[in-house]
1. Considering region 40-67 alone, what residues qualify as being touching a residue at least 60 places away in the same chain (Cβ under 8 Å), outside any loop (DSSP other than H, G, I, E, B) and not hydroxyl-bearing (Ser, Thr, Tyr)?
2. Please find, among ALA108, ALA179, ALA117, ALA128, the residue that is open to solvent by 50 Å² or more (accessible area, probe 1.4 Å), at pLDDT 85 or above, under 24 Å from THR71 (Cβ atoms) and among the hydrophobic types (A, V, I, L, M, F, W, C).
3. When you check ARG100 against the structure, is it touching a helix residue (DSSP H, G or I) at 6+ places or on another chain (Cβ under 6 Å) and assigned to a strand (DSSP E or B), yes or no?
4. Given ILE90, ILE69, which one is open to solvent by less than 30 Å² (accessible area, probe 1.4 Å), of a type in the set (A, V, I, L, M, F, W, C) and under 23 Å from TYR291 (Cβ atoms)?
5. If I go through region 271-313 residue by residue, how many of them are farther than 19 Å from LEU250 by Cβ and modelled with pLDDT of 95 or more?
6. Considering only residues that are open to solvent by 30 Å² or more (accessible area, probe 1.4 Å) and in contact with a Phe, Trp or Tyr (Cβ under 8 Å, 6 or more places away or on another chain), which ones fall in region 153-172?
Amino acid sequence: MFYEGSEKKTELIVDCKQLNLLTDIDTCVWKDLVNACNAKILSSIENKHCRAYLLSESSLFIWKDRLLIITCGITQLVNSAIFFFEKYGINVVEHFIYQRKNEYFSHAQSSNFGQDAKRLQNYLSGKAFRFGNLDSHHNYLFQLNNNVKSIPTAKTYELTTYQISDRASAVLTNPKLTASDVRKFLQLKRLIPGFTLDDFVFEPFGYSLNAIKDKWYFTIHVTPQRGSSYISFESNINLLALVPIILEVLAPNAFDLLTFNETNFDMFTAKYIDNRYTCQSNVTKHIKHSYQVNFAHYILPQSQATSPIELALDEDFFTL
């Protein structure tokens, strides 16, 4: 059985003096926004900083000034962005990014990135970018073109793993798998101690998790099937420092790193990436809003052993 794990993502920042996303918008509106892309809300958790909705396809996070929605499968995330523009207008929007990963099964999608970008251009002026090689793993990004500057400390991190080990796939496709089993296997107590968790095991396969702690968020989405395995992690804590644990658990044959505003990207990757992995693509680009975007794609040469990677974790991941 195949499922499209590759994700689409929208990040949107508003002028919260005009619109506070946490207090001015009812849950029913968020349900409608999620429904617009053919997903639905399963559950939610919240604290005074953030509300996190677990979706039938990935996640929606809400802060007072921003939203982040990630979807997979054959969802049409661009519809949710347009829903927001049509309901609240463009004038409240200070920053907007629409991001789309290349898919395993692109023929099953109802649109491609270029078509999505053209629809977004009907509402706002933007510019498109590609990070990574066209014939390999890559990300497309469409960004609002205005003069609002980003906050340098507003950092986000994405880690996507592919072709996880047979052992990891066997564990994560066990028909008796529980959420507790996945938490233990992924070593979440080591990865995100003290976070409030909300997770769900899908049938026949798949797992999603949202986690929040104060202003920090962390989300995981698991498509574990052999042949199309795809497991993604995203957070505003430094995922680069958590890479050793994740590689130890999943032993993937390849993975991507994508960061926004992490100026020490090369230092962290040199420190934390096991030298058995070879970097095939490494791109740094400064885009609008003074964002620095880093993208790197790593592979494990077939001649290398795939035994667990034993590396230590330190405290860099809570440096914002």
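1. Residues satisfying the conditions are LEU42, ILE45, GLU46, ALA52, LEU54, LEU55, PHE61.
2. ALA128
3. Yes.
4. Sole residue among the options that is open to solvent by less than 30 Å² (accessible area, probe 1.4 Å), of a type in the set (A, V, I, L, M, F, W, C) and under 23 Å from TYR291 (Cβ atoms): ILE69.
5. 1
6. Once the filter is applied, which keeps residues that are open to solvent by 30 Å² or more (accessible area, probe 1.4 Å) and in contact with a Phe, Trp or Tyr (Cβ under 8 Å, 6 or more places away or on another chain), region 153-172 yields LYS155, VAL171.
Conditions (1) among the charged types (D, E, K, R); (2) modelled with pLDDT under 95; (3) surrounded by fewer than 16 Cβ atoms within 10 Å (Cβ to Cβ), marked per residue:
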| site | (1), (2), (3) |
| --- | --- |
| PRO175 | no, yes, yes |
| LEU188 | no, no, no |
| GLY194 | no, no, yes |
| PHE205 | no, yes, no |
| ASN210 | no, no, no |
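The values are calculated or read from the model by the stated rules, or taken from the named source; none is laboratory data. Note that the coordinates shown come from a computational prediction; the quantities given were computed from them, not determined experimentally. Cβ coordinates were reconstructed from backbone atoms using ideal geometry, including for glycine residues, and neighbour counts include every protein chain displayed. Only protein heavy atoms, including side chains, enter the accessible area calculation; ligands, DNA and RNA are left aside. Shrake-Rupley method; radii C 1.70, N 1.55, O 1.52, S 1.80 Å.
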